[in-house]
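Here is the structure we will look at.
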Amino acid sequence: MTTKERVIDLFRSNSGSFYSGEEIAAKLGLSRTAVWKTVKRLREEGYPILGVTKKGYCMEKGSDILSESAVRQYLDGCKDIYEINIIDTAGSTNDIVKTKAEDGVPEGFTVISNEQTSGKGRFGRSFFSPHNTGIYMSILLRPENKPLSYGNNITTIAAAAACEAIESISGKKTDIKWVNDIYIEGKKVCGILTEGAFDLESGMFKYAVVGIGINLYVPYSGFPESIAGRAGAVFERIEDDSKNRLVASFLESFYNYYSGRKSEHIKTYRSRCFVIGKNIEIINGNVKTRGVVKDIDDECRLMVKTESGDIITFSSGEIKEITE
């Protein structure tokens, strides 16, 4: 555990209590200079640490700070599965994990950032990832003997796990827009992007990276005008320790589905997919198809009854609801 993480944990576990630099140094076996530099850095990064003359430092009560050790405290049956790395800022957490995958790190390598400066969405779009109000996380997977089509399973497993995690900490009902977006009360709060590399001879995955971005709170300056009408957040105000609880709940649920400990993720997914039964237009490449969504099949494909009466299945594509 880094010095920064140890100081964060001390403050997290004793929010509202003041500690002098000397007391922190003694508790953590650090020099007072190291403590001062670490606290200064944390405050510059936006951590809510108060400094009061003759009293010392204190993290404000009601803070919501990501911490590896706190996430692990909430994990139950998969503590040894994930190597969790929490950083303050990333270009793209998916890109960081893909680089590590090429270096040969094992499955379960996970990066969680408080901010992304180049967050990625589907179809080459950007994913708005402002500092300290969301969770931006990527996990390395090494599925054995799985073809390209398995990527849809990974995305829908992540979506089912995200719904369960969000509901468990917020009590709010979640909905899924096929294939990778999570909504609360008609506003998008979460997006998922699965990327991977394949063996050209076998056509099987070498590795996959599943990235998930969750708007936990409304950004301090609001959402950009381009997405303000459709973007939402899980909470309206800061909820104590929600980030660590949400991350742990997601990791637990995701692993249970991915490993087969818990079956039928597709049932969880279907029950929340709000496009079933809707009139939609799906864009796949340069082809647009209109019809009614009949179901999600067991391979996580969208089953659409077209205007001509044919049933067509789609593994990917972008959909919009037709209300006319």
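Overview of results
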quantity: Test: Glu164 is assigned to a helix (DSSP H, G or I), charged (D, E, K, R) and not assigned by TED's automatic domain parsing to the domain that holds Gly317; calculated: yes
quantity: Residue within region 141-150 that is closer than 16 Å to Tyr217 by Cα and either outside the structural domain of Tyr220 (by TED's automatic domain parsing) or not aliphatic (A, V, I, L, M) (or both) present; calculated: no
quantity: Residue under evaluation Ile157, criteria (1) crowded, with 18+ Cβ neighbours inside 10 Å; (2) under 30 Å from Met204 (Cα atoms); (3) modelled with pLDDT under 95, criterion not met; calculated: (3)
quantity: Tabulated pairs, region 253-270, first within 18 Å of Leu141 (Cβ to Cβ) and assigned by TED's automatic domain parsing to the domain that holds Cys163, second among the acidic types (Asp, Glu) and crowded, with 19+ Cβ neighbours inside 10 Å, C-beta under 7 angstrom, 6+ apart or interchain; calculated: Ser253/Glu164
quantity: Failed item in (1) within 23 Å of Arg261 (Cβ to Cβ); (2) at pLDDT below 95, with Ser168 passing the rest; calculated: (2)
quantity: Extreme residue, surrounded by the fewest Cβ atoms within 10 Å (Cβ to Cβ), among residues of region 171-209 that are closer than 20 Å to Glu252 by Cβ and in contact with an Asp or Glu (Cβ under 8 Å, 6 or more places away or on another chain); calculated: Lys172
quantity: Filter result for the condition that a residue is of a type in the set (Lys, Arg), within 27 Å of Tyr136 (Cβ to Cβ), in a helix (DSSP H, G or I) and modelled with pLDDT of 85 or more, over Arg12, Arg6; calculated: Arg6
quantity: Unique residue being out of contact with any strand residue (DSSP E or B) (no Cβ under 9 Å at 6 or more places or on another chain), hydrophobic (A, V, I, L, M, F, W, C) and over 26 Å from Lys278 (Cβ atoms) when the list is Leu148, Leu200, Leu140; calculated: Leu200
quantity: Residue within region 57-71 that is within 25 Å of the chain's Cα centre (by Cα), under 30 Å from Tyr257 (Cβ atoms) and surrounded by fewer than 18 Cβ atoms within 10 Å (Cβ to Cβ) present; calculated: yes
quantity: Residues of region 115-142 that turn out to be farther than 15 Å from Asn94 by Cα and in contact with a Gly (Cβ under 9 Å, 6 or more places away or on another chain), as a count; calculated: 3
quantity: Residue within region 80-94 that is touching a residue at least 40 places away in the same chain (Cβ under 8 Å), touching a Gly at 6+ places or on another chain (Cβ under 9 Å), within 27 Å of Pro130 (Cβ to Cβ) and part of a helix (DSSP H, G or I) present; calculated: yes
quantity: Lone qualifier among Ala197, Ala158, Ala208, Ala228 - being of a type in the set (A, V, I, L, M), in contact (Cβ under 8 Å) with a residue 24 or more places away in the chain and not in a strand (DSSP E or B); calculated: Ala158
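The values are calculated or read from the model by the stated rules, or taken from the named source; none is laboratory data. In this text the structure is predicted, and so the values were computed from the model without any measurement. Note that each Cβ is placed from the backbone with ideal geometry, even for glycine, and that neighbours are counted across all protein chains shown.
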